[in-house]
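Down below is the structure, laid out as structure tokens.
The values are calculated or read from the model by the stated rules, or taken from the named source; none is laboratory data. Keep in mind that what you see is a predicted model, and the values were worked out from it rather than measured. All Cβ positions, even for glycine, are placed from backbone atoms using ideal geometry, and neighbour counts span all protein chains on display.
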Amino acid sequence: MDEPNLHEVLEFAVEAAQLAGAVTLGYFNANTPFELKADRSPVTAADRGAEQLLRARIQAAFPEHGILGEEFGEQRGSAAGRWILDPIDGTFSFLSGVPLYSVLVGFEWRGEMLAGVMHFPALRETLYAARGLGCWCNGRRARVSDVSDLAAARLSVTCTKLFEQSGTTAALARLQTACLTDRGWADAYGYACLATGRVDIVVDPVMQIWDNAALLPIVTEAGGTFTDWTGRQTHTAPAVVGTNGRLLNPVLRLLDECSVRQGARNADNA
């Protein structure tokens with residue numbers, strides 16, 4: 001089967017993400033009850049309702065495509081296309097009344113991410129990109145920054161506790177020391193800031209495929225990089241780093257030095 005028209009895919013994905021976002025707004029700032037899943041992450045009726053809407057629209061428009069979503073798992077398709085969904089990225093923010101949560105919709109073809117949408121319902125901001133079509137934010141072209149010196153870089157991380165849990169606090173400390181400043185703009189919002197030039201580096205030590213999928217085409221089409229901690233471009237890595245491109249190698253060198261030192265300490269303690 002031929003690759004689908006990416007203009008049409010992207011137009012569909014933007015509309016679907018915005019409709020799903022409208023579902024979430026009905027629960028936002030409304031003392032919405034939640035449950036804790038096995039991994040201790042929260043889930044609400046808003047998460048489930050938004051994903052159900054996305055799945056229904058995808059099944060109607062692309063019945064042969066597969067779907068992988070955070071809340072309802074994988075539904076295999078008969079074609080090479082797969083949609084990867086996070087109906088609410090940042091459920092803790094959502095539950096706390098913080099407007100930085102988003103709906104993430106990614107389109108994968110033969111294992112490669114070709115299109116992505118981040119929609120921030122409470123901010124009325126939508127970033128979207130497809131391979132070769134550039135990255136856009138509310139109709140305006142989005143580009144990463146041109147900062148090339150770590151000492152002038154703005155770093156964003158989602159949750160410092162995840163660095164503790166993953167044994168990578170040394171990497172975080174080195175990055176914080178090397179960069180001009182660091183902020184905790186959570187979840188996909190940090191990558192939205194990266195793609196629009198408001199942040200220069202985003203590092204996360206714990207991610208899932210539905211966290212990553214939409215981000216990769218958005219960041220790369222904005223001129224940045226989205227890789228694992230070794231520099232390999234991928235949407236399946238459990239730990240990722242996003243940069244404006246100019247800062248990728250300095251960040252990777254720092255992460256590698258921390259990894260080597262941590263390995264040496266582990267050997268000494270064995």
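Table for the structure above
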| item | result |
| --- | --- |
| Subset of the range 34-76 [at pLDDT 95 or above, in a loop (DSSP other than H, G, I, E, B) and over 16 Å from A16 (Cα atoms)] | F34, T44, E64, E70, E71, F72, R76 |
| Residue match in the range 85-103 (condition: in contact (Cβ under 8 Å) with a residue 12 or more places away in the chain, surrounded by fewer than 18 Cβ atoms within 10 Å (Cβ to Cβ), part of a helix (DSSP H, G or I) and not hydroxyl-bearing (S, T, Y)) | yes |
| Residue within the range 110-118 that is of a type in the set (A, V, I, L, M, F, W, C), over 18 Å from L6 (Cα atoms), surrounded by 18 or more Cβ atoms within 10 Å (Cβ to Cβ) and touching a Ser or Thr at 6+ places or on another chain (Cβ under 7 Å) present | no |
| Hits in the range 62-71 (condition: touching a helix residue (DSSP H, G or I) at 6+ places or on another chain (Cβ under 6 Å) and over 14 Å from A213 (Cβ atoms)) | E71 |
| Filtered residues of the range 224-233 (kept if part of a loop (DSSP other than H, G, I, E, B) and surrounded by fewer than 19 Cβ atoms within 10 Å (Cβ to Cβ)) | T230, G231, R232 |
| Subset of the range 133-163 (residues that are touching a Gly at 6+ places or on another chain (Cβ under 7 Å), crowded, with 16+ Cβ neighbours inside 10 Å and part of a strand (DSSP E or B)) | S156 |
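Here's the yes/no breakdown for (1) in contact with a Leu (Cβ under 9 Å, 6 or more places away or on another chain); (2) closer than 25 Å to F94 by Cα; (3) in the same structural domain as A16 (by TED's automatic domain parsing); (4) of a type in the set (F, W, Y):
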{"position": "M118", "(1), (2), (3), (4)": "yes, yes, yes, no"}
{"position": "G134", "(1), (2), (3), (4)": "no, no, yes, no"}
{"position": "L162", "(1), (2), (3), (4)": "no, yes, no, no"}
{"position": "S166", "(1), (2), (3), (4)": "no, yes, no, no"}
{"position": "T169", "(1), (2), (3), (4)": "no, no, no, no"}
